Amino acid sequence: MDALSLTKTEWEARMQELGQPTYRAGQVLDWLFRRRVRDWTDMSNLPASIRQNLADNFPTRRLEKVRETGSKDTTRKFLFRLADGQLIESVLIPASPALYGEASDRRTICISSQVGCAYGCKFCASGLDGWKRNLTAAEIVDQFLQVEAESGEKINNIVFMGMGEPMANYDNLLRAISILNAPWGVGIGARHMTVSTSGLAPRIRDLAAQPLQVRLAISFHGATDEVRGRIMPVNKKYPIEELLSACEEYVGIKKQRLTFEYILIRDINDSPEQARLLAQQARRVNAKVNLIPYNTVEGLEWDRPDEPRQEEFLGILRNAGAEATLRREKGHDIAAACGQLRLQVEKSFAPGSVLN
Ligand code: SAH
Ligand code: SF4
């Protein structure tokens, strides 16, 4: 197991096995997460024999940056290569996050949870190539550490909205969240983490039962089973009613507000009727609606509605008493288009080839 995947309790158990005092666990974690040192030989306050033992048993690989786009003050995308050659991307969203539209000192990282995605939503680049594998907890956590290292920025907000369906990698996700959250780990408050899901109702209930106050965003994208089912195959398994009922449970237990993400796709889900129904659904679970004009994805045929139509949809939601925002920036290069950098890069190489 990679060193970044272990919790404090697990390090303490490891140290006991090695006949060491448990405070050694704190020393290891201090090197890894506070000083950001990966090489066991550099961890000078650990006995040499322990360093050797750990080096033999716990790899401390770094994600390798393959490509970076954007610059300070814009959305920056990082393409990382994993140890087995697979590619994932992470996105750093600067101080005034497009994501929520308000001015703040928030610096958000958008983290991937899987290589590819099995859910095949019809608007999404991440699913185009199918699912390859789950990320380990270490690979999830390391996206945070490497993006901080590469950018020189301190990140204070995390969204699991990158490639993959986080709830389909539930155990590793929870492990990563607890490491990102822990005072001995990265130290990001649970309220500054948002898990986004296409609607895995049973996992929403599981997460509701967890003590951590992480936020939840639902990729909604359709207000009837007919429309939602057409663009999100997962809706056949967990139709809207089941999804809403899981959301009710989450809100009831956590006492916090949900977000509904709703991509506006021209002539697919942008009708006034969809807006009216969506308003009712959002009000039922007290969710804020985040409208996102569709980003064109190469290989997919859809487009976004024109601006008056976007505003009309927003107006209907608000008139019906739902809290809603519309992302208005013109560029298509925003965080939600995760998965696209990987596709661009992979397309420029023969299928199946590994980048060098
Ligand atoms: N699998 C999870 C998290 C990753 S998707 C989920 O589906 O929620 C993260 C967000 O990016 C989702 O809200 C998704 O709807 C959005 N997204 C994907 N493709 C997009 C596109 N082409 N344009 C705009 N947003 C997109
Ligand atoms: Fe997967 Fe989410 Fe993309 Fe759907 S929107 S294909 S669940 S990453």
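The values are calculated or read from the model by the stated rules, or taken from the named source; none is laboratory data. Worth saying up front: this structure is predicted, and the values here are computed from it rather than measured. All Cβ positions, glycine included, derive from the backbone under ideal geometry; neighbour counts span all protein chains shown. Quick note on the areas: whole protein, heavy atoms, side chains included, nothing else; ligands and nucleic acids left out. Shrake-Rupley method; radii C 1.70, N 1.55, O 1.52, S 1.80 Å.
A count restricted to the stretch 283-292 and to residues that are more than 24 Å from residue 245 (Cβ to Cβ) and over 19 Å from the mean Cα position of the chain (by Cα) stands at 0.
Confirm whether residue 138 is away from ligand 2 (no atom under 14 Å from the Cβ), open to solvent by less than 20 Å² (accessible area, probe 1.4 Å) and assigned to a loop (DSSP other than H, G, I, E, B).
No, not satisfied.
Restricting attention to the stretch 103-125, the residues that are near ligand 2 (Cβ under 10 Å from one of its atoms) and under 26 Å from residue 73 (Cβ atoms) total 2. When the stretch 113-135 is filtered for residues that are in a strand (DSSP E or B) and either open to solvent by 50 Å² or more (accessible area, probe 1.4 Å) or among the hydrophobic types (A, V, I, L, M, F, W, C) (or both), the ones remaining, listed by number, are 115, 131, 132, 133, 134.
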